[in-house]
Structure formats: C-alpha cells, structure tokens
1. Which one is most open to solvent (accessible area, probe 1.4 Å) among residues in region 153-171 that are touching a Lys or Arg at 6+ places or on another chain (Cβ under 8 Å) and under 23 Å from residue 222 (Cα atoms)?
2. Take residues that are in contact with a strand residue (DSSP E or B) (Cβ under 8 Å, 6 or more places away or on another chain) and open to solvent by 20 Å² or more (accessible area, probe 1.4 Å) and tell me which of the strands (runs of 3 or more DSSP E) falling wholly in region 1-60 contain 2 or more.
3. In region 185-226, what residues are more than 25 Å from residue 142 (Cβ to Cβ) and of a type in the set (S, T, N, Q)?
4. Can you work out which of the residues in region 233-260 that are outside any helix (DSSP H, G or I), touching a Gly at 6+ places or on another chain (Cβ under 8 Å) and open to solvent by 10 Å² or more (accessible area, probe 1.4 Å) is farthest from residue 83 (Cα to Cα)?
5. Residues in region 261-299 that are open to solvent by 20 Å² or more (accessible area, probe 1.4 Å), under 22 Å from residue 108 (Cβ atoms) and assigned to a loop (DSSP other than H, G, I, E, B): how many?
6. Got a number for residues in region 166-206 being touching a Leu at 6+ places or on another chain (Cβ under 8 Å), part of a loop (DSSP other than H, G, I, E, B) and farther than 30 Å from residue 87 by Cβ?
7. When the residues of region 109-131 are narrowed to those that are touching a helix residue (DSSP H, G or I) at 6+ places or on another chain (Cβ under 8 Å) and acidic (Asp, Glu), which ends up surrounded by the most Cβ atoms within 10 Å (Cβ to Cβ)?
8. Name the single residue, out of those in region 177-195 being within 20 Å of residue 165 (Cβ to Cβ) and open to solvent by 60 Å² or more (accessible area, probe 1.4 Å), that is modelled with the highest pLDDT.
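The values are calculated or read from the model by the stated rules, or taken from the named source; none is laboratory data. This is a predicted model, so every value here is computed, not measured. All Cβ positions, even for glycine, are placed from backbone atoms using ideal geometry, and neighbour counts span all protein chains on display. These accessible areas exclude ligands, DNA and RNA; they are computed on the full protein's heavy atoms, side chains included. Shrake-Rupley method; radii C 1.70, N 1.55, O 1.52, S 1.80 Å.
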Amino acid sequence: MVAGRSPVVLNQIGALVGERIAAHPSRPTVLRHEDGRPPWDIPDGVEVLLTRPLIGWDAAPAARPAGWGRGLRWIQSASTGMDVYPPWLLDGAPLVTCARGVSAVPIAEYAMAAVLAFEKRLDAVRLRGPEDWRREVLGGLSGRRLGLAGFGAIGRAVAERARAFGMSVGAVRRSDWAGSVSGVEPFDRLEDLIAASDHLVLALPLTATTRGVVGADLLARAKPGLHLVNVARGALVDQEALLAAIETGRIAGATLDVTEPEPLPAGHPFYRHPAIRLTPHLSWSAPDVEPRLAERILANLDAYARGAALRDVVNVQAGY
C-alpha cells in the first residue's frame, strides 16, 4: 500500500465483514460484490480482494483470464483450504492470506461430538416407547486413542479436547515435528497411526499429494472397529474403498462432514447406510465465526496499512 492512500477493497465475503472493514482507520473504499458477477471479474482499481468459496469459483476457467490480478496486491480468503480456488489464483499471485484457525474450535467441537455420538450410540438407545426399554453397555472415551491426520490449528484444538476426556492422542503432520507436544504422541506414518487408533480425525489440507490418501490400502491397515471422522475435504477419501471397508466390518463407522462431490447425488449409498453419518459441510459453523473472521481481516489490514508482515500467508508451493 502506498502511504497516505486508502486501499480499494472488493468484499466478496459478506455484510458484517464489509461494515467492519469500512470503519478501519485507513479509510478504505469497500466495494460490494455484485450478485451474479464471476468472482474472478475484478473491477479496475481494486487493490485488496476479500473472497470465499461457494460464490462461483468452481466454475472458473482453466486458464488465467486476460488481465487477471492487474493491480491486486493482497488476496484474503475466508477459508483455510485453498483447493476451492483455481490454481492460477495462487500461481504468480500477489500476497495471499487465509483464515487459518478461525474455525478451529467449532470444528474440534464437532469432531468430539462425532466421537461421543459413536461411542454413546445415543440414536440407537433412544426410547420411542416402553417396548424399547432395555439395558445396554455404552462405549466410552477414557483410555481410547484418537488419531489426528494433520496437526495444525484444528488438530491442536481436537487434541486439547480429547485429552480432557481422558483419551490418548496420536498425530501425524506433513511438516516436521519441531519438538514434543504435551499429551500428543507423534507418528511418522499414517499407516501406523490408523493401525493404533480407535477414532481417526482427518484434518489435512487437500493437495495433489493428499488426494485419495485414505484408500483401500490404508483402510486395510486400520485397527478393526475404527471410526473415521472427516472434517477436512471429501477428496481425501476414496469413498468406494471406505464403503467396502465398512461393509466388510473392518471400519465400524464414519462421520463425514465433507464428501466428493458436495452434495452427493441422490441415491448415493452413504445417505442411508446405518454406519455412516453425513452432515452438510457445517462443522466450521458457530455464532462467533464471522466476527472472528472480521477481527482476523482487520488485524491483517492494520499490518497492511503499516507495511508490516501479514498473518497466515499461504505457502504457494505447498498449496495451503
């Protein structure tokens, strides 16, 4: 940003964020995204783009549009994952930041709710009449192992809550372990983690190397009776292999907040399978998520106005 000049910001995120940004001391000019306009069609003069998934990026052209990015200096995404955008958005793009960790707490709460629902079987033991009254032994969390595939902000938030329930926690991460984490056992290989876990939570970014990482070979190594929870991206999982592993009994159940595609087509076996719980990609949601996102963007706008380093810059080579 040039000192003394107010930035022109295109807001594709929402009204609350737009109102908060417009009140920033840098006195930005905030443009509202026009309904029906492709998100990559940026008006001339825009310096900062605030964007998000589910506004048409899935229909973006394969090649970078002529003139794309001219004048843009900073792109802020409302999502953590960058796989929702076309590759050319990152390829040679200006500074790109994401919302890493903004939804970590609600996603962790969702993951723990899924684990509790699986162990306690509240749906199965719900009484609908006196004829249903019976004694059953419910599962528990204390002493069970929760595996984390991915140990960023979401993985850390899940681990904190799992330890509070007396679970042992193991994790694999894509980057090197820079020291021990209290209460978390590091695993070098996902194959070893899945073999040792009662519940496995997927919290990995979707990249070329993680797509389909949970396939038939990995599922064959799972501890019998494993419960899989996916709060990351549907394409991490080979869904046909998962269904086969559930049908053979190797995998006891799955809680899937994400699928590939979204939504799954009508008649897909996941909808009615008794061992699979589907939810519509809402694990991130909570009453305070949008205000938290606005605060994150405002903090970055403070830094941008000062010419300081921004938070949560995307590693273009890694893709997240």
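1. First, the residues of region 153-171 that are touching a Lys or Arg at 6+ places or on another chain (Cβ under 8 Å): 153, 155, 167-170.
Add one more test, that the residue is under 23 Å from residue 222 (Cα atoms), and what stays is 155, 167-170.
Values: 155: 1, 167: 12, 168: 48, 169: 5, 170: 0 Å².
Of everything passing the filter in region 153-171, 168 is most open to solvent (accessible area, probe 1.4 Å).
2. Values: elements: 8-11, 29-32, 48-51.
Fully inside region 1-60 and qualifying: 29-32.
3. Hits for region 185-226 are 207, 209, 210.
4. Result: 252.
5. Residues flagged as open to solvent by 20 Å² or more (accessible area, probe 1.4 Å), under 22 Å from residue 108 (Cβ atoms) and assigned to a loop (DSSP other than H, G, I, E, B) within region 261-299 amount to 10.
6. 5
7. 109
8. 185
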